[in-house]
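Trainee: Take a look at the following structure, please.
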Amino acid sequence: LPRLVREFVAQNNTSQIKHVIQILSQEFALSQHPHSRKGGLIGLAACSIALGKDSGLYLKELIEPVLTCFNDADSRLRYYACEALYNIVKVARGSVLPHFNVLFDGLSKLAADPDPNVKSGSELLDRLLKDIVTESNQFDLVGFIPLLRERIYSNNQYARQFIISWILVLESVPDINLLDYLPEILDGLFQILGDNSKEIRKMCEVALGEFLKEIKKNPSSVKFAEMANILVIHCQAADDLIQLTAMCWMREFIQLAGRVMLPYSSGILTAVLPCLSYDDRKKNIKEVANVCNQSLMKLVIPEDDEMDEAKQSVNIPAEPTSEESLPKPEAASSGESPLIWTNRALNQPLSFPCSCERIQVTLNLDGIVQVLDCHLHDTSIGMMTRIAVLKWLYHLYIKTPRKMFRHTDSLFPILLRTLSDESDEVILKDLELLAEIASSPAGQTEEGHGPSDGSEVRPGPAELHVPARAGQLSSSSMKGLECSPSTPTMNSYFYKFMINLLKRFSSERKLLETRGAFIIRQLCLLLNAENIFHSMADILLREEDLKFASTMVHTLNTILLTSSELFQLRNQLKDLKTPESRNLFCCLYRSWCHNPVTTVSLCFLTQNYKHAYDLIQKFGDLEVTVDFLTEVDKLVQLIECPIFTYLRLQLLDVKNNPYLIKALYGLLMLLPQSSAFQLLSHRLQCVPNPELMQTTDNTKPSTSFKRTAASNIDYTELLQHFEKVQNKHLEARHQRAGRAEQLDRRVVL
């Protein structure tokens, strides 16, 4: 046969050569008899050897019958087919490249062949074909990619190993730029990375590592946008290796592509945020996720607040919204590959050069806020994730306040609920965010009233009864909110925040007991303390739940008297030198009347000793309960604290402070024979005889009693207000007692 073929070649008898090949193919290689098929395969190989360099002219006729035999049921016959194709390819060399796809398709099937001899033969053929591709510069990569993309989703381990080996070879060829087509195969590579075989996982890891090195070398030619959603999906994989690798890729993408990744921020956050709460078992993933989160946050700039969404200098498809923006595991298990899901999400292939400086990208703020809001509502997420979400919201309010305030009404309820979180760190971040919302100039409405309408603050069973508009406040309270030039201007959300914070305390008393003081003290650091106390006092003045009002006033008073954060405010109230400080005192006093003992302590703080004495005289008309005596006991303890050092020193000036001594004796008479009684009694025993305290130097004016500045305060009216409030409390107690008695009777019946 070889001699015959050589003669035909020498005679340039093409028709006879084709006739010989046709006979070998049709009558032998494709025969029903297995021995004839073996003979046909051997004959085709011999024919190819005889043709030599001219075999390239007849490759289609030579290869097709051999490839058909790759599917033969007889393993020996498949081996002969493999051997025949090896000889054909060895002779033809580079001429087989136009037929590469069919050869690759056949080899990919043999790679998974159950017969070891066939598999061994296919490996020899595979190596030969790789050598040819490596040597040649005519490889058709564009035509090969669709086949590679199809085969890469094979679940067979040997087929996967075969695919990865080819990717590694193509990647190593300088003239073949596989990086341009990486978006086509990246999803499949990550799926192979989850294979059960350690060897295959290692090979895939090496391939991905090589791609990443190439990306770092040539970032300007990388199609980052086309691969963004693929990484988002695999950053949420259950397999640790897949998740870590995808997260490392995401980190590099954000750092290399910069703002090109911004349209995919919501998807990235969906994948990254849960990882921040991983424990030490997934420490590596957590660390990389944290870098991704920080890097992405830095991409948001103040210019994003001014950019008009309708005007984009380049048409970058935004990431999928709503359900599509949150990839679900079902996508991968529904029968179609995640790559198909990704293509559907992107709608069309993306192709544009990654020149981050020249591309104007619009921040998809709505999608980001939706993801952050979703994570805040999810009670199962970890503490670090919640902190990261709050940091993101705070960052967005700093960088893009104008756009963020469009979302404030929807975010406000969950931010208030977050104040009940178990973690102090979460609460601190939440308070920082709420303080920024309450003080940002971007939150100021034109009308000067809160952003919520009357329906939002309509009182419910456990809500505060306050006016919806700041314009309906009393003139004194408005003066207090705007009085001091040094007071930062609060926006429309400040008053809404105070209202809703007190609502929260009213409906959740445990929060008030355990975290109330902590929350208010932190707010006094973040915002203006005078504004906070002034607005809360004004709101509590209209509170119909008198028991809550009394509890809240007691809490505020304790904070005012004991917190180091309020040192400046205490000094301001102690002197009452300015109209603003006197106005604040009057505002606080009216609300403090809900609690008689706190009212006296406020008078002590402001050095209104005569009025304190007048109030204590009224205590005889009040219902003295155990709680009342406990509060008097606490006030006596407070008098011994450093806060009231000036008060104790004023006891030396008996002549100018008679009402201070009388007020303290009044408290002493209220107390039973307790430790507090003994404490105050001992203190009063130290008060000196006024005759012994007289000095001969009368030239220096006394500085002990400074009340001339507060002469415009109507103390009679304040006393009447105190009596009125206490009558309301007495009525409410009687009503509660009556209801309790009725309930007891029903139980008895």
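The values are calculated or read from the model by the stated rules, or taken from the named source; none is laboratory data. Bear in mind that the values here come from a model prediction, so they are computed numbers and not experimental data. Positions of Cβ are backbone-derived with ideal geometry, glycine not excepted, and every protein chain shown enters the neighbour counts. Heavy atoms of the whole protein, side chains included, go into the accessibility calculation; ligands, DNA and RNA do not. Shrake-Rupley method; radii C 1.70, N 1.55, O 1.52, S 1.80 Å.
Trainee: Going by Cα centres, the range 102-136 and the range 634-651 are how many Å apart?
Mentor: Taking the Cα centre of the range 634-651 as reference, the centre of the range 102-136 is 93 Å away.
Trainee: Next question, about the same structure. When only the heavy atoms of the protein chains count and the probe is 1.4 Å, how do Arg78, Arg259, Arg509 rank by accessible area, highest first? Kindly include the intermediate steps, with their values, before the conclusion.
Mentor: Numbers: Arg78 25, Arg259 50, Arg509 80 Å².
Greatest to least solvent exposure: Arg509, Arg259, Arg78.
Trainee: Ok, one more. Students often forget the sequence filter, so: which lysines lie under 18 Å Cα-Cα from Lys130 once same-chain residues fewer than 8 apart are removed?
Mentor: Lys90, Lys109, Lys119
Trainee: Further, regarding this structure: So what's the net charge close to Arg201: Lys and Arg +1, Asp and Glu -1, counting the other residues with Cβ under 14 Å from its Cβ?
Mentor: Taking every Cβ under 14 Å from that of Arg201, the sum is -2.
Trainee: Report Ile176's accessible area, 1.4 Å probe, all protein chains in place, as a number in Å² to the nearest 10.
Mentor: Solvent-accessible area, nearest 10 Å²: 20 Å².
Trainee: Can you give me the distance in nm between label points at Gln294 and Thr645, each placed 7 Å from the Cα along the Cα-to-Cβ direction?
Mentor: 4.3
Trainee: Moving on to the next point. Two decimals is fine: what's Rg over Rh for the range 365-443, C-alpha atoms, Kirkwood radius as Rh?
Mentor: When Rh is taken as the Kirkwood radius, the ratio is 0.93.
Trainee: Rounded if a/c is under 1.5, else prolate if a/b beats b/c, else oblate: with a ≥ b ≥ c from the C-alpha gyration tensor eigenvalues square-rooted, which is the range 154-251?
Mentor: Verdict is oblate for the range 154-251.
Trainee: With all protein chains present, calculate the accessible area of Tyr659 using a 1.4 Å probe and round the result to the nearest 10 Å².
Mentor: Accessible area of Tyr659: about 80 Å².
Trainee: Continuing with this model, one more query. Exceeding 25 Å between C-alpha atoms, which entries from my cross-link table qualify? They are Lys202/Lys286; Lys429/Lys577; Lys223/Lys429; Lys403/Lys510.
Mentor: Details: Lys202/Lys286 22 Å; Lys429/Lys577 36 Å; Lys223/Lys429 37 Å; Lys403/Lys510 35 Å.
In this structure, Lys429/Lys577; Lys223/Lys429; Lys403/Lys510 lie more than 25 Å apart at Cα.
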